[in-house]
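Shown next, in structure tokens, is the structure this report addresses.
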Amino acid sequence: MSNGPTKAERKEQRRAEREAAAAAQAQTQTRKRRMQQLGGVLIAAAVVVAVLVVISSSGTDDGPAKEAGETVAGQTEVAQRFAGIPQDGLSVGDPKAPVTLVEFADMQCPFCAQFARDGLPGLVAEEVKNGTLRVEFQPLAFIGDDSQKMARAIAGAAEQDRAWQAIDLLFINQGQENSGFATDEFMRTTLGAVEGLDVDAALTAGEGAAGTTALNEAQALASRFGVQSTPSFLIGKTGGDLKKLDVKSLDGSEISDAVKELAGT
């Protein structure tokens, strides 16, 4: 009959068990660290993919994305928006509409462009097209040289009663403030997307008396009502007194509410 393990052998066995347990724990920790590292890599990869998706969906350095057949982004949308709506110089809508809205804007102002995207389309569709509202545009030009250049071009387009298509397209394709984006090529290409507009005649008129008169009248009206920022709005019954309308949002909802109240609808 054999004897059991000696004291020394039991001690060595316990030491070996401790070492095996420590090795297993170390292996487990290593596996966890690798999983954490892998998770970090996967998260980073996901972030990269998300960024690439955002970049790819936001267009290119060439500007906003164009639809098929468009030479300028927004060309189709703008043509449809103002189709069949009467224009008279810098105003759009039925001249007998019960309510008039006056918009002061600088063509380089990003907030004015935001209103053109988020607020104006709904007002045109719901208030202008049904004959409730007419809108007058007053071009201010305080941000820089491109502001005046575009304001004058709009005044020239107003001579042909196509100012609002020009305004919308210039806002949709707006570049960064004072970056010099409103080059001659940019202006001719953008205005060239306005159906029926004689671009040469518009630019010539804008550089002459039509442009100067529009800028001077807008500045005089702004001074009269204390307008110091863009976009700013005046509203009132057509042919009556106008009052400043302060808005907290550029989605057009507050303007729409004011129009309905004045029109009694």
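The values are calculated or read from the model by the stated rules, or taken from the named source; none is laboratory data. Treat the numbers as computed from the prediction; the structure is a model and nothing was measured. Quick reminder, even Gly has a Cβ in these numbers, built from the backbone with ideal geometry, and neighbours come from all protein chains shown. Heavy atoms of the whole protein, side chains included, go into the accessibility calculation; ligands, DNA and RNA do not. Shrake-Rupley method; radii C 1.70, N 1.55, O 1.52, S 1.80 Å.
When segment 243-265 is examined, which residues are found to be open to solvent by 80 Å² or more (accessible area, probe 1.4 Å) and part of a helix (DSSP H, G or I)?
Asp257, Glu261
Of everything in segment 128-156, what is over 20 Å from Cys109 (Cα atoms) and open to solvent by 10 Å² or more (accessible area, probe 1.4 Å)? Give them in sequence order.
Within segment 128-156, Lys129, Asn130, Gly131, Thr132, Arg134 qualify.
Can you find a residue in segment 210-217 that is out of contact with any Phe, Trp or Tyr (no Cβ under 8 Å at 6 or more places or on another chain) and under 22 Å from Arg117 (Cα atoms)?
Residues of segment 210-217 that are out of contact with any Phe, Trp or Tyr (no Cβ under 8 Å at 6 or more places or on another chain), as a first pass: 210-217.
With under 22 Å from Arg117 (Cα atoms) added as a condition, the list becomes none.
Checking segment 210-217: not a single residue is out of contact with any Phe, Trp or Tyr (no Cβ under 8 Å at 6 or more places or on another chain) and under 22 Å from Arg117 (Cα atoms).
Determine the pairs where a residue that is farther than 18 Å from Phe171 by Cα, located within segment 74-90, has a partner that is surrounded by fewer than 16 Cβ atoms within 10 Å (Cβ to Cβ) with Cβ atoms under 7 Å apart, the partner being 6 or more residues away or on another chain.
Every condition considered, the pairs that remain are Asp88/Pro95.
Val53: surrounded by 10 or more Cβ atoms within 10 Å (Cβ to Cβ), at pLDDT below 90 and more than 21 Å from Glu127 (Cα to Cα), yes or no? I'd like the intermediate steps shown before the answer.
On the way: surrounded by 10 or more Cβ atoms within 10 Å (Cβ to Cβ): yes; at pLDDT below 90: yes; more than 21 Å from Glu127 (Cα to Cα): yes.
Spelling it out, Val53 is indeed surrounded by 10 or more Cβ atoms within 10 Å (Cβ to Cβ), at pLDDT below 90 and more than 21 Å from Glu127 (Cα to Cα).
Tell me which of these Gln165 doesn't satisfy, since it passes every other one: (1) closer than 12 Å to Asp106 by Cα; (2) within 23 Å of the chain's Cα centre (by Cα).
The failed condition is (1).
Could you please find all residues in segment 94-111 being surrounded by 23 or more Cβ atoms within 10 Å (Cβ to Cβ), under 24 Å from the mean Cα position of the chain (by Cα) and not charged (D, E, K, R)?
Leu101, Val102, Phe104, Ala105, Met107, Gln108 - these are the residues of segment 94-111 that are surrounded by 23 or more Cβ atoms within 10 Å (Cβ to Cβ), under 24 Å from the mean Cα position of the chain (by Cα) and not charged (D, E, K, R).
Take the residues of segment 68-88 that are touching a helix residue (DSSP H, G or I) at 6+ places or on another chain (Cβ under 9 Å) and of a type in the set (S, T, N, Q): which is least open to solvent (accessible area, probe 1.4 Å)?
Gln87
Determine whether segment 62-69 contains at least one residue that is of a type outside the set (Ser, Thr, Tyr) and at pLDDT 95 or above. Even if it seems obvious, please write down each step before you answer.
Step one: filter segment 62-69 for residues of a type outside the set (Ser, Thr, Tyr), giving 62-69.
Checking the rest, the ones that are also at pLDDT 95 or above come to none.
No, segment 62-69 has no match at all.
Looking at Ile154, Ile167, Ile172, Ile143, which one is out of contact with any helix residue (DSSP H, G or I) (no Cβ under 9 Å at 6 or more places or on another chain) and either among the hydrophobic types (A, V, I, L, M, F, W, C) or at pLDDT below 95 (or both)? Give the steps one after another, and end with the answer.
Details: Ile154 fails: out of contact with any helix residue (DSSP H, G or I) (no Cβ under 9 Å at 6 or more places or on another chain); Ile167 fails: out of contact with any helix residue (DSSP H, G or I) (no Cβ under 9 Å at 6 or more places or on another chain); Ile172 fails: out of contact with any helix residue (DSSP H, G or I) (no Cβ under 9 Å at 6 or more places or on another chain).
Exactly one of Ile154, Ile167, Ile172, Ile143 is out of contact with any helix residue (DSSP H, G or I) (no Cβ under 9 Å at 6 or more places or on another chain) and either among the hydrophobic types (A, V, I, L, M, F, W, C) or at pLDDT below 95 (or both), namely Ile143.
Which pairs do you get when a residue that is over 16 Å from Ile172 (Cβ atoms), found in segment 116-129, comes within reach of a residue that is open to solvent by 30 Å² or more (accessible area, probe 1.4 Å) and modelled with pLDDT under 95, reach meaning Cβ atoms under 7 angstrom, with the pair 6+ apart or on two chains?
none
Among the residues of segment 157-201, how many are part of a loop (DSSP other than H, G, I, E, B), surrounded by fewer than 16 Cβ atoms within 10 Å (Cβ to Cβ) and of a type in the set (D, E, K, R)?
The total comes to 2.
Any residue in segment 229-242 that is assigned to a helix (DSSP H, G or I) and closer than 27 Å to Val99 by Cα? Break it down stepwise before answering.
Within segment 229-242, the first condition is being assigned to a helix (DSSP H, G or I), and the residues that meet it are none.
No, because not a single residue in segment 229-242 is assigned to a helix (DSSP H, G or I) and closer than 27 Å to Val99 by Cα.
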